[in-house]
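Below you'll find the structure, written out as structure tokens, and then a few comments.
The values are calculated or read from the model by the stated rules, or taken from the named source; none is laboratory data. Here the structure is a predicted model, which means the values were calculated and not measured. With ideal geometry, Cβ positions are generated from the backbone for all residues, glycine too; neighbour counts draw on all protein chains shown.
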Amino acid sequence: MSERATPVTQPDEQSTATDDSEASADTGHRPVTTGAEAVVRALENAGVEYAFGVQGGAIMPVYDALYDSDIRHVTMAHEQGASHAADAYGIVSGEPGVCLATSGPGATNLVTGLADADMDSDPMIALTGQVPTAFVGNDAFQETDTTGVTTPVTKNNTFSSDPDRVGSDVSEAFALAREGRPGPTLVDLPKDITNAETDREPDEPKTPDTYHVQERADEEIVEAAAERIENAERPVMLLGGGVIKGEASEACREFAIEHEIPVITTMPGTGAFPEDHELSLEGAGMHGTGYANMAITLCDTLIGVGTRFDDRLTGGIDSFAPDAEVIHVDIDPAEISKNIYADYPLVGDAATVVSQLADAVESSPQAKKWRAQCQQWKTEYPMDYETPEDEPLKPEFVVEAVDEATSDRAIVTTGVGQHQMWAWQYWTYTEPRTWVSSHGLGTMGYGLPAAIGARLAADDDQEVICFDGDGSFLMTIQGLSVAVRENMDITFVVLNNEYVGMVRQWQDAFFEGRHSASEYSWCPEFDKLAEAFGANGFRIDDYDEVADVIEAALEYDGPSVIDAHIDPHANVYPMVPSGGDNGQFALTEDQL
């Protein structure tokens, strides 16, 4: 939390233009004169570098104030894309991404992205224009009850009604988005408030006095958990997205390696522990590795850090880690024992609590046989696949080829579907904040705009790769115009099977192969479509084309689209049927 750099006048105190002018001069800014300028000043004070949005009538005063700001605005092709780009920016940078939209349809188009960020606890702030306060409730042109619509899918939202407070409302929303358990916040900005005169400088980003976050876990429970770890015979660590968001990856790595505890990640926790390490069992859950799911099913001590134990991870609650005593570390007390009962509830910041455990654990568990068993499962259930020459290109081969051609720090974004699972399973993740996807909400179309946000948050030497499916890519393809206009170096790989692939896989498995609304009888040529947008387009049909096309696409300094035509009948395995037993995963369709 930031300390105030200069004294700030409270709302009930008198201030003078001279005082405000001097304060502004001290910070190198012009004095605030309107509510809109106060909004932009709040963003500047928070260190915002980029904002994603679409212009419109009710938000226009804020855009006018942005004209004189150093904040770089990226005009998106659709508001949903703006919200996903801001979301991804927050995932990669660790600081809240910012998106803007006008009232009515502009605001409602943000809802999918807000819900996505809310499910995945991603830091983001949305600023929405609103009709003038005198018109609110009168069904004015482009009026929507934005705070009412978004209350269920935001961490906090505010209808700003005072030009002297509007800047501070934005500052507070920014602080709330990143403090504690992160999440999306929203400030609704009536046009008369942003147009109104004010000389009030916004407060620095600060959470309300009523907002409290517990940093350290109860010492007695920590000691009991430590004793359980010391006595464990079959321990595993399960690292969730909260490990990455809480900057706890290093602490978890050190703890696991020191005590030789096998490590599993959830999908949002991907990258929290290097997957090329011998202790890594990679991801668990519906499409997790066989060895991760076996370890969860048969462990006797489960150390869950920053995970909410959602249904895609657990399968059936009764069959999830049935013999384990559960140590659950989470900053949000609402998550403790919500889905999986915690024998040792440790509420607090992930990095802090893991450090507490590290100090409390005096001896490592005697788990040599268990580690050998985990390695045996890797041998029994390898993530391999066949590549017959007389069959179409396998998607796993394409993912591994791109991984081989890029650095360990490359960032991967995806849409949702089969391609998402293949990109998760067959890419080796070794660093946090390199996997950017839609987990809880499962939003098709997320990958392309997310790649735009990720590109701006990434270091210049980091490659950004978007794996998408033909169905997902079509949902937000208009965002390709943004990547071209902004000359963004992104490589989009469309794993094209001319199906809504995951739906088709489920229809084959559970609906007698009745492909209702899952087949594309016609699909555009994405390589040619990319060139129409001004991007570089490529097509892959055969194995012998893969390496050269990937090399050419990566070497191109700008957006490239690879239309990779894959086996339309390829399926994602392992697979645990919804609500099933993780230890009873299927490796082929006839095992479902």
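A few notes on this one:
- The set of residues in the range 171-207 being of a type in the set (Val, Ile, Thr) and either out of contact with any helix residue (DSSP H, G or I) (no Cβ under 7 Å at 6 or more places or on another chain) or crowded, with 24+ Cβ neighbours inside 10 Å (or both) consists of Thr185, Val187, Ile193, Thr194.
- Flag if Val412 is buried (at least 24 other Cβ atoms within 10 Å of the Cβ), of a type in the set (A, V, I, L, M), part of a strand (DSSP E or B) and outside the structural domain of Val111 (by TED's automatic domain parsing): yes
- Arg72 fulfils the conditions (1) out of contact with any strand residue (DSSP E or B) (no Cβ under 9 Å at 6 or more places or on another chain); (2) closer than 14 Å to Leu456 by Cβ except for a single criterion, (1).
- One residue stands out among those in the range 109-140 that are farther than 15 Å from Ala88 by Cα, in contact (Cβ under 8 Å) with a residue 12 or more places away in the chain and aliphatic (A, V, I, L, M): the one that is surrounded by the fewest Cβ atoms within 10 Å (Cβ to Cβ), which is Ala134.
- When Ala457, Ala410 are screened for being closer than 30 Å to Leu281 by Cβ, aliphatic (A, V, I, L, M) and over 15 Å from the mean Cα position of the chain (by Cα), only Ala410 passes.
- When we screen Ala358, Ala292 for residues that are of a type outside the set (S, T, N, Q) and either under 26 Å from the mean Cα position of the chain (by Cα) or buried (at least 23 other Cβ atoms within 10 Å of the Cβ) (or both), the only hit is Ala292.
- Applying the condition of being among the hydroxyl-bearing types (Ser, Thr, Tyr) and touching a Ser or Thr at 6+ places or on another chain (Cβ under 8 Å) to the range 150-178 and asking which residue is nearest to Ala58 (Cα to Cα) yields Ser161.
- Of residues in the range 415-437 being outside any strand (DSSP E or B) and β-branched (Val, Ile, Thr), the one farthest from Thr154 (Cα to Cα): Thr428
- For the range 174-279, the strands (runs of 3 or more DSSP E) that sit wholly inside it and include 2 or more residues that are within 14 Å of Gly304 (Cβ to Cβ) and under 23 Å from the mean Cα position of the chain (by Cα) are 235-239, 263-265.
- Filter result for Ala115 (in a helix (DSSP H, G or I) and in contact with a Gly (Cβ under 7 Å, 6 or more places away or on another chain)): no
- Listed by first and then second residue, the pairs with beta-carbon distance under 7 Å, at least 6 apart or on different chains, first residue in the range 388-413 and more than 20 Å from Ala451 (Cα to Cα), second part of a loop (DSSP other than H, G, I, E, B) and among the hydroxyl-bearing types (Ser, Thr, Tyr), are Lys394/Tyr385; Lys394/Thr387; Glu396/Tyr385; Glu396/Tyr426; Phe397/Thr387.
- Here the range 66-108 is the region considered, the condition is being acidic (Asp, Glu) and either free of Cβ contacts under 8 Å to residues at least 12 places away in the same chain or assigned to a loop (DSSP other than H, G, I, E, B) (or both), and the residue that is farthest from Ala46 (Cα to Cα) is Asp68.
- Residues that are over 20 Å from the mean Cα position of the chain (by Cα) and closer than 24 Å to His569 by Cβ, drawn from the range 472-493: Leu474
- Filter result (in a loop (DSSP other than H, G, I, E, B), exposed (fewer than 15 other Cβ atoms within 10 Å of the Cβ) and touching a residue at least 40 places away in the same chain (Cβ under 8 Å)) within the range 361-382: Glu362, Ser363, Ser364, Gln366
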